[in-house]
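Encoded as structure tokens, the structure appears first; notes follow it.
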Amino acid sequence: MALESPREAAPKKAATEERQPPSAPHWATLPIILIGTFVITLDVFIVNVAIPATQQDLHASQSAVEFIVAGYALAYAAGLVTGGRLGDLYGRRRLFLIGVALFTLSSAWAGFAPSASQLVAARIAQGLASALMGPQVLAIIGVAYDGPARVRAFNAFGLTMGLAGVFGQLIGGVLIHADIAGLGWRTCFLVNVPVGIAALVLAPRVVPESRAQGRARLDPLGMVLISAGLVAVVLPLAEGQQEGWPLWTWLSLAAAPVLLVVFAVQQRRLAAAGRSPLVDPALFRQRSFTFGVSTAVVYYSGMASFFLVLALYLQQGLGLTALESGLVFLPLGVGFLTVSLSARRIAAALGRQTLAVGALVLTAGLAALFAAAQHIGTDGAVGWLVPGLTVGGAGMAMVMAPLASIALAGTDPRYAGAASGVLSTASQVGGAVGVALVGVVFYHVLGQGTGTSAYADAFTASLYLLAPLALAVAAFVQFIPGPKAASSA
């Protein structure tokens, strides 16, 4: 079987190829690009398990520990839109490969970091590399697949992202427990190296190249404005809770909307002048994209904070080890994986309402966890969590699997990378907002009690906020047009 892509064989016809349905990609295209999605998501969650051992080994300060976690998310969120647009302009496969290479190198740097400051720098480098790699995955799916194959590919993307998040803590716990070659927590970063090398070897042979048609140019001012605006949002939300919300966090949050409004105005002016904006305002004229992005913000604001407060409850409240805590996440993974395998059939029957039904199922799971926490407070049996976790995992699968497909349906291939960057950025910003809001509730309640019961109370108080967020997803979905409305828009 020939491995050369038709897009490679005729680069001069790129403009034509963007308008026509692509020929069938290689069977290995999807697994290879989804490697990028898996490791990006995994590194958001796996680091939480590694933090206690990392802090002890590197004698890291509390501030350094915070930036080991937040530095990655901050760099990733700030660079996503720019990374997506770079793929549009210079080639999505090319940017994917550059991102994979940099991510692999920075993972090795993190794994062998001799000090906390170097680990922080390596984590920021990982985040920037992820920002180059991540948007290309959705963009490549959008232009390399068509019709039912595209829907299946988007579902596979959602499944991959969910599995990395659901099993991230378990994978980290297993790696630390195994203590391979005495490396301990370092294996949580070094595991990315062989995976990255495999992707670098295979991707040039099986992933087709694509880029936006025309002679578009980069928008340096737009890159600076959007990056500064996103940093101004994410940094105070990531650090404010731990630092007691000092003045700089409020000044940063106040500056963020100003920067983002200036960015929006500048993008409109470029588009009106017939130039090349970083994010074309035409994207937001599509109701499916606008409300799809809004739904992603709401959904991930709940999910990012859910994983955080559950991990805190299990490890600090109930005293479970990293491995034991990871095993508790298994029912969540079972529910997620079971429903994900049927996600395509469910989506075919329910359409966009799959998201709404999934949000309601997730709400039911959160309610079951609320009840379970009351029993655990009296007898300490974590088995009470299993039904709620299983149902919650099923609800997550129904939302995550089709969300990208619905949000990006009908997006002009010229802006595939930029649209993917915007959607991914919305997810990251939503997660930062959710962690900040739910964190305030969690730590406020925690400070009013003592012992295991205080953590149980803080966890259940968080669920009071998480359940309305899940219901809000069901409400937002109603504003996303169905296939007929979208096609006529």
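The values are calculated or read from the model by the stated rules, or taken from the named source; none is laboratory data. Source: prediction; values computed, not measured. Reconstructed Cβ throughout: ideal geometry from the backbone, glycine too, with neighbour counts over all protein chains shown.
General remarks:
- Check on VAL309, buried (at least 19 other Cβ atoms within 10 Å of the Cβ) and out of contact with any Ser or Thr (no Cβ under 8 Å at 6 or more places or on another chain): no
- Residue count for segment 238-276, restricted to those that are out of contact with any Pro (no Cβ under 9 Å at 6 or more places or on another chain) and at positive phi: 2
- Within the span defined as segment 436-444, one or more residues are under 26 Å from THR82 (Cα atoms) and at pLDDT below 85.
- Of all the numbered requirements in (1) free of Cβ contacts under 8 Å to residues at least 40 places away in the same chain; (2) buried (at least 23 other Cβ atoms within 10 Å of the Cβ); (3) among the small types (Gly, Ala, Ser), GLY36 misses one, and that requirement is (1).
- A single member of ALA368, ALA349, ALA359, ALA304 is farther than 26 Å from ALA436 by Cα, assigned to a helix (DSSP H, G or I) and among the small types (Gly, Ala, Ser), and it is ALA349.
- So GLN242, is it farther than 30 Å from LEU34 by Cβ and more than 22 Å from the chain's Cα centre (by Cα): yes
- All helices (runs of 4 or more DSSP H) inside segment 180-298 with 1 or more residues being small (Gly, Ala, Ser) and in contact (Cβ under 8 Å) with a residue 12 or more places away in the chain: 192-206, 220-243, 247-272
- The set of residues from segment 29-56 being over 19 Å from the mean Cα position of the chain (by Cα) and either on the phi > 0 side of the Ramachandran plot or at pLDDT 90 or above (or both) comprises just one member, THR29.
- Set LEU89, LEU138: member being touching a Leu at 6+ places or on another chain (Cβ under 7 Å), farther than 22 Å from LEU74 by Cβ and at pLDDT below 90: LEU89
- Reported count of residues in segment 320-346, each being without any contact (Cβ under 8 Å) to a residue 12 or more places away in the chain and outside any helix (DSSP H, G or I), is 2.
- Taken together, the residues in segment 189-221 that are modelled with pLDDT of 90 or more and out of contact with any helix residue (DSSP H, G or I) (no Cβ under 8 Å at 6 or more places or on another chain) amount to 3.
- Residue that is surrounded by the fewest Cβ atoms within 10 Å (Cβ to Cβ), among those in segment 445-462 that are more than 15 Å from HIS375 (Cβ to Cβ) and under 27 Å from the mean Cα position of the chain (by Cα): ALA461
- Among (1) over 19 Å from the mean Cα position of the chain (by Cα); (2) of a type outside the set (S, T, N, Q); (3) in the same structural domain as ILE406 (by TED's automatic domain parsing) - the single one ALA311 does not satisfy: (1)
- Any chance ALA129 is closer than 19 Å to ALA50 by Cβ and buried (at least 22 other Cβ atoms within 10 Å of the Cβ): yes
Okay, residues lined up against (1) assigned to a helix (DSSP H, G or I); (2) without any contact (Cβ under 8 Å) to a residue 60 or more places away in the chain; (3) touching a Lys or Arg at 6+ places or on another chain (Cβ under 9 Å); (4) of a type in the set (Lys, Arg):
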{"position": "MET133", "(1), (2), (3), (4)": "yes, no, no, no"}
{"position": "LEU138", "(1), (2), (3), (4)": "yes, no, no, no"}
{"position": "ILE141", "(1), (2), (3), (4)": "yes, no, yes, no"}
{"position": "ALA149", "(1), (2), (3), (4)": "yes, no, no, no"}
{"position": "ARG152", "(1), (2), (3), (4)": "yes, no, yes, yes"}
{"position": "ALA156", "(1), (2), (3), (4)": "yes, no, no, no"}
{"position": "THR160", "(1), (2), (3), (4)": "yes, no, no, no"}
{"position": "LEU163", "(1), (2), (3), (4)": "yes, no, no, no"}
{"position": "LEU170", "(1), (2), (3), (4)": "yes, no, no, no"}
